[in-house]
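Asks: Have a look at this one.
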Amino acid sequence: MLQEKGRDLAKKMGEEGACQFSDGWLHRFKVRHGIRKLDISGESKSANLPSAEEFVDRFAKIVEEHNLTSEQIYNAD
């Protein structure tokens, strides 16, 4: 996806063909910008279900107290 976006940007800038978006370029870009894949697993990384349930209850209460509609609530998933 980064390589494709790089090509699109180069094309929009009139630099199409001037840059090579190779696998090596992608690797160096990721290293330079600290982009890496993280594998999160294990007990210490698992969800805290009681806290999640408490959040759902608190969130529902806030929505009700402020008479919010679904259009007023933003989901950043």
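The values are calculated or read from the model by the stated rules, or taken from the named source; none is laboratory data. Quick caveat: nothing in here was measured; it's all calculated off a predicted structure. Quick reminder, even Gly has a Cβ in these numbers, built from the backbone with ideal geometry, and neighbours come from all protein chains shown.
Asks: In the range 48-57, is there at least one residue being at negative phi and within 18 Å of the chain's Cα centre (by Cα)?
Replies: No, every residue in the range 48-57 fails to be at negative phi and within 18 Å of the chain's Cα centre (by Cα).
Asks: For the range 53-77, how many residues are in a helix (DSSP H, G or I) and either modelled with pLDDT of 90 or more or surrounded by 10 or more Cβ atoms within 10 Å (Cβ to Cβ) (or both)?
Replies: 13
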